[in-house]
Amino acid sequence: MASHQLLVLAGDGIGPEVTESALKILEIMAKLEDWQVEVDHAAIGGAAIDQYGDPFPEATQQAIDRSSAVLLGAVGGPKWDNAPRRPEAGLLDMRQYMGLWANLRPFEMIPGLEHLSPLRHPVMNGIIFRELTGGLYFGQPRGRRFLPGDLEVIDTLQYRKSEMTRIIQLAFQYAKDHGLTLTSVDKANVLESSRVWREVTEELARQYPDVPLSHRYVDAAAMDMVLNPQNYQVVVTENLFGDILSDLAGGLVGSLGLLGSLSVAGTPGTRGLFEPVHGSAPDIAGQNRANPTGAILSLAFLVGWSWQEHDAEHLIREAVTQTLSEGPRTVDLGGQATTQEFTEAVGNRLKDIWQRRRQQ
Ligand code: NAD
Ligand code: IPM
Ligand code: MN
């Protein structure tokens, strides 16, 4: 019997609702595969501010140290928008603490959901490689400086070449392994950091002559992803651009609730943080109407990446895709299913697919 462990950080808003769904699917998977799974819980974000006065408390750090994988719901909400340290700061601290410099955010058009895309002929199956622990999110100095009769505010866009190299190399390798094209997104017409980013990309391109590479400025990329999403197979970009383009991808596939992600330190089989791309959605929290797909797909990535259970990862993804294609669907997808009803439908399909595989 395989034995696995994970830490769940449910967080705020719809975070607890969607992680509960993911855990239901894990429970079913574990029963089918005869896994023994230990699930631990700790506080993050607003919930941690309420409990400990800190969005990333010591107790949570210790729980991470003891864990082999972390599943996150979402953090943030209006209640804490004026807190001295906001819930979002807790998430950023945790990514930094765990050394998770690569955030992989796949987006694909699910068959049967095409009518929900704003595009007329939506075809896409891409993955964004977002640098996660550098750039404007972490650069120093930052903050406010009071001037006579004015206020100066500073955020610093800071990168080391080594931080660029590792994420760009990871994206090149992925593109090579899967026979895909690579698009590097920057703002090299304005930013010095982007000029170095482009130099690094060109240097690495020599090691990957068989990977078709193109460069795009981020503004043009945002426009072109809407017009020609099929051209974006592997996208690599810095932290803030990746944050923005991945929500754009959520819009293109029909709902932000559909996207899951992996935040990792580059090497499969190691600990990672698995999180939906969406936030805590305070506008629908507590109503049993959140789409848990992003969380369930994040669980699938966890099972494949941290536990190396690749068959189980594919089974979960297949069950999700089938359910989305055939229904029932949640409200964001034009359906009427509650979070729980959708989750149950995914769970039932998972059991069916697993049984059919066994009989083959
Ligand atoms: P959001 O992603 O929470 O919501 C944007 C819109 O998408 C809302 O209309 C919401 O109802 C909808 N939506 C999001 N997820 C959905 C789902 N699973 N099912 C159905 N609909 C869904 O973004 P926001 O409103 O800009 O931010 C709310 C809070 O979440 C903020 O505090 C923000 O900082 C935080 N946030 C956290 C994370 C994270 O924890 N990883 C990510 C993004 C935003
Ligand atoms: C995301 C979120 C976070 C980010 C926020 C909540 C700090 O938007 O994971 O996409 O900007 O990275
Ligand atoms: Mn975001």
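The values are calculated or read from the model by the stated rules, or taken from the named source; none is laboratory data. Owing to the predicted nature of the structure, the values given are computational and were not obtained by experimental measurement. With ideal geometry, Cβ positions are generated from the backbone for all residues, glycine too; neighbour counts draw on all protein chains shown. Accessible surface is based on the protein model in full, side chains and every heavy atom, while ligands, DNA and RNA are left aside. Shrake-Rupley method; radii C 1.70, N 1.55, O 1.52, S 1.80 Å.
Calculate for the chain the 222 nm mean residue ellipticity that helices alone would give, adding -39,500 (n - 2.57) per DSSP H run of length 4 or more and normalising by residue count, nearest 500 deg cm²/dmol. Working shown, then result.
On the way: 11 runs with 155 residues, N = 360.
Roughly -14000 deg cm²/dmol at 222 nm, from the helical runs in the chain.
Provide the per-residue ³J(HN,Hα) series for segment 293-302, in order, calculated from phi with Karplus coefficients 6.51, -1.76, 1.60 and θ = phi - 60°, each as a whole number of Hz, with x at glycine and proline positions.
Those phi angles translate into 4, x, 6, 5, 5, 4, 4, 4, 5, 4 Hz.
Among T165, T323, T237, which one moves the most in a GNM of the chain with springs linking Cα atoms closer than 10 Å?
T165
Between segment 211-226 and segment 339-354, how many Å separate their Cα centres?
That distance is 37 Å.
Test of understanding: in a Gaussian network model of the chain with alpha carbons linked when under 10 Å, which of S246, S298, S193 would top the mean-square fluctuation ranking?
Taking springs between Cα atoms under 10 Å, the residue moving most is S193.
Using only alpha carbons, build the gyration tensor for segment 1-135 and give me the equivalent ellipsoid semi-axes, biggest first, whole Å.
One finds semi-axes of 27, 23, 16 Å for segment 1-135.
Treat every Asp and Glu Cβ in segment 258-360 as -1 and every Lys and Arg Cβ as +1, leave all other atoms uncharged, and give the resulting dipole magnitude about the Cα centre to the nearest 20 debye. Intermediate results must be reported in sequence, preceding the final value.
On the way: 9 positive and 11 negative charges, 48 e Å.
The calculation lands at about 240 debye.
Classify segment 278-345 from the C-alpha gyration tensor, please: rounded if a/c falls under 1.5, else prolate or oblate depending on whether a/b exceeds b/c. Walk me through the numbers on the way to the answer.
Values: a/c = 2.97, a/b = 1.56, b/c = 1.90.
Oblate, because a/c is 1.5 or more while a/b does not exceed b/c.
Run the dipole for segment 158-254 about the Cα centre, Lys and Arg Cβ at +1, Asp and Glu Cβ at -1, nothing else charged, and hand back the magnitude in debye, nearest 20.
My answer is approximately 180 debye.
Could you pull out every one of the aspartates and glutamates with an alpha carbon less than 15 Å from that of K351, ignoring same-chain neighbours closer than 8 positions?
Within the straight-line cut-off, K351 pairs with E27, E33, D34, D311, E313, E318.
Quick one: dipole size for the chain, taken about the Cα centre, charges +1 on Lys/Arg Cβ and -1 on Asp/Glu Cβ, in debye to the nearest 20.
Numbers: 31 positive and 45 negative charges, 88 e Å.
Using Cβ point charges on Lys, Arg, Asp and Glu, the chain gives about 420 debye.
Under a straight-distance cross-link criterion of Cα-Cα below 23 Å, which lysines are reachable from K176, leaving out those fewer than 8 residues away in the same chain?
K161
Between L32, G139, P84, whose Cα lies farthest towards the positive end of the dipole of segment 22-160 when Lys and Arg beta carbons carry +1 and Asp and Glu beta carbons carry -1, centred on the Cα centre?
Positive-most Cα among the choices belongs to G139.
From the C-alpha gyration tensor of segment 163-210, pull out the three semi-axes of the equivalent ellipsoid (sqrt of 5λ each), sorted largest to smallest, in whole Å.
20, 10, 9
Compute a Gaussian network model of the chain, connecting alpha carbons closer than 10 Å, and tell me which residue from G143, G15, G242 fluctuates the most.
G143
May I ask you to list the trypsin sites (Lys or Arg not before Pro) in segment 159-191 that are in a DSSP loop and have at most 12 other Cβ atoms within 10 Å of their Cβ?
Passing both the DSSP loop test and the Cβ count: R160.
Which residues' amide hydrogens lie under 5 Å from the amide hydrogen of G139, considering only partners 5 or more residues apart or on another chain, with H built in the peptide plane?
For G139, the qualifying residues are T156, Q158.
Sort out for me the Cα centre separation of segment 135-178 from segment 21-81, rounded to whole Å.
Value for the Cα centre distance between the two parts: 27 Å.
Ignoring ligands, DNA and RNA, what percent of the 1.4 Å accessible area of the chain is carbon and sulfur?
The nonpolar share, carbon plus sulfur, comes to 49 percent.
Pick out, from V235, Q287, P268, the residue whose Cα sits farthest towards the positive end of the charge dipole of segment 222-327, with +1 on the Cβ of Lys and Arg and -1 on the Cβ of Asp and Glu.
Farthest along the dipole direction, towards plus: Q287.
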